[in-house]
């Protein structure tokens, strides 16, 4: 690079023969005396060594010769000032390059090196050459390290030592020697050339900015050293880090042309710090929609507070983190915190605990445990001044006052510091929890958090937790969740794959392996499609536990195409402060279609679909179980469905819109079918035939309706005569109201096909 050639920058001062009025005997600044007014200086036109030159009688202890022109100092540009001198007569002085550094406005920049090492003139007539290199970078060979804010200089030489001697000075040369340090053909620029120091103390942000401006598409080299960046820095060109940078948490580094973890790891010298700074850049800058981890494995020794890393608490623009692994390093930082506090509860303020003792000690995001507390209830926020905690869900049967336990699990990625986060995606990420940590804690509010093609491996307590409504429209696609409780009996496991508090979750094509509970879903509008979850163990004829828990009665959801293995669907209303039925919709809006249900080595009382009301008066008002395959291995299962009435039963007199049809049953003691068509034989004459359809009716319900009665062959009386009268049916017969009576005008016998229902369609 040569600025005089490439950019037309004037560097070379005029020759002495062109006039001494531009040569000062002081520092060269405006108003200083020039040699055209000094009688002890003159131009010699024909020196044998120099041609035309300046001859001067040294009269001052430090005789200065300075070009009054302002020679520009440019970032990344290196200048060499050269002077040739010889003694003619008299005392022999020493000679050195001298300069004055100026900045915008004409003031001097002090504290800089402005003179080179002096050389003595030892003989008359011998030419001595002195030179000095001036540049913005502290490179080896640079004599005057002038960075920002120097913008120009006055250059020349100094004669020092004894006075009275006569010397001659050849024309002073100022040339661009940047090519000595880096050639134009090089495809990079070095931040040191723009004033970066790299001592970890000096703020090098301005030098980085200058290098970025000068790069013009070439890459930027950050050589060995530690570079403090005190303000935001953006590199428009590719960057290569040999040294590392350090900067305050609230300042960001944007690497536009290599926005990936490997480059950030080189920049910060630490992968976790690099991950945090990459996340910060992802949300602070609009040029990239995703941050690529480059397939790197990041060793994580403590929870990552994502909001703190991002330096924002609200973000709702699509952003993606992809392609890498977060691997937990065991240590005390992952230990769950447990607190107990007394508190009061009023169902009228269904998501608030009041008068909470030591409320400041209870962390937001804590799991709440106590009498009358349903599954997966968390602390969403706290008000220390008011002594209150806001809960993610109401409590179904909490006493007015009790002592609660609060457990704060530690998550690899903790988004709870956001007030609201939407449209955030993790893809092709493995969160390897090592049985030490939990996976992801969502923000308290937001929508469309998306986890796809990810692994959540061996979470200690939870895979994904929603402690508020940041799970609205949660999407989990093609992910693998593997628990850390593989060898633990199903009833002893405590882990949960994930939970949902809001609506419209899309859970598709995932695999969940041996969690205590795979998923706990509140809200409605969920699509559970194409998943495989299994929760078996090695206990022979052992009990099984719920895999999918629905905690909202009118769930308006679809469960289809799943492989539901050694666990059951449990449908409750445990997140209701007034769980008894009043004026709301009751249990309904659920379609269970085309699933594979299997169990092996389980107790015979196991069932795959369990309804458990937490309050009286509820009923079924819309349930479709169609096209499923139920199979029991290494033992038989009594029924595929059942009612858990340990807290409350259902009102079977209100059942409507329930369908169990087109299912297949293998190793099941009693098929469940509704509507069910059965063949009945009456072998002796009777006026009233009692038909038992109870075994087929779902959940032990009533025989509420008869759709049809069809006779097969002749109906005959005691005389053997055919009877052509049509019978009438009476529903809800017997003490349990689960039988049907078919009544004839006279005693008859024969065969009929009866279609009965546990419900009424409307």
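Read the figures in this text as sums done on the coordinates, not as results from a lab. For clarity, every value in this text was computed on a predicted model and none was experimentally measured. Every residue, glycine as well, gets a Cβ built from its backbone with ideal geometry; the counts of neighbours run over all protein chains shown.
Odds and ends about this structure:
- Using only alpha-carbon positions in segment 16-73, the gyration tensor eigenvalues give semi-axes of 20, 15, 10 Å once each is multiplied by 5 and square-rooted (largest first).
- Rg over Rh for segment 231-353 works out to 1.12, using Cα positions for both radii and the Kirkwood form for Rh.
- Evaluated over the Cα positions of segment 592-635, the convex hull gives a direction-averaged projected area, one quarter of its surface, of 4.0 nm².
- Compactness relative to 2.2 N^0.38 Å, alpha carbon Rg of segment 115-196: 1.39
- Full extension of the chain between residue 43 and residue 584 gives 184.0 nm of extra length, using 0.36 nm per residue less the Cα-Cα distance.
- Calculated [θ] (222 nm, deg cm²/dmol) that DSSP helices of n ≥ 4 give over the chain, each run adding -39,500 (n - 2.57): -1500 deg cm²/dmol
- Cα centroid of segment 439-462 to Cα centroid of segment 187-216, whole Å: 40 Å
- Area projected by the alpha carbon convex hull of the chain, averaged over all directions, nm²: 46.4 nm²
- The modelled label-to-label distance for the pair residue 671/residue 297, using points 7 Å beyond Cα in the direction of Cβ, is 5.3 nm.
- Here, P(r) means the percent of Cα pairs in each 5 Å bin from 0 to the largest distance; for segment 3-181 it is 1, 9, 18, 22, 20, 15, 9, 5, 1.
- Estimated distance in nm for a label pair at residue 122 and residue 661, the labels positioned 7 Å out from Cα along Cα-to-Cβ: 11.5 nm
- Restricting the calculation to Cα atoms, every distinct pair contributes to the Kirkwood radius of segment 337-408, found to be 11.5 Å.
- Note on residue 371 and residue 251: the extension gain reaches 38.5 nm, defined as 0.36 nm multiplied by sequence separation minus the Cα-Cα distance.
- Here the Debye sum runs over all C-alpha atoms of segment 510-603 as equal scatterers in vacuum, and log10 of I(q)/I(0) at q = 0.10, 0.12, 0.14, 0.23 Å⁻¹ comes out as -0.28, -0.40, -0.54, -1.14.
- When all alpha carbon pairs of segment 483-666 are counted in 10 Å bins from zero, the resulting P(r) reads 10, 39, 38, 13, 0 %.
- Normalised per residue, the volume of the convex hull around the Cα set of segment 483-533 (Å³): 67 Å³
- Taking every Cα-Cα distance in segment 676-757 and sorting them into 5 Å bins from zero, the calculated P(r) comes out as 3, 16, 28, 24, 15, 8, 4, 1, 0 percent.
- Neighbour counts of C-beta atoms inside 10 Å place 131, 607, 646, 741 in the sequence 646, 131, 741, 607, starting with the fewest.
- Structural size metrics of segment 163-292, computed from C-alpha coordinates, are Rg and Dmax of 18.7, 74 Å.
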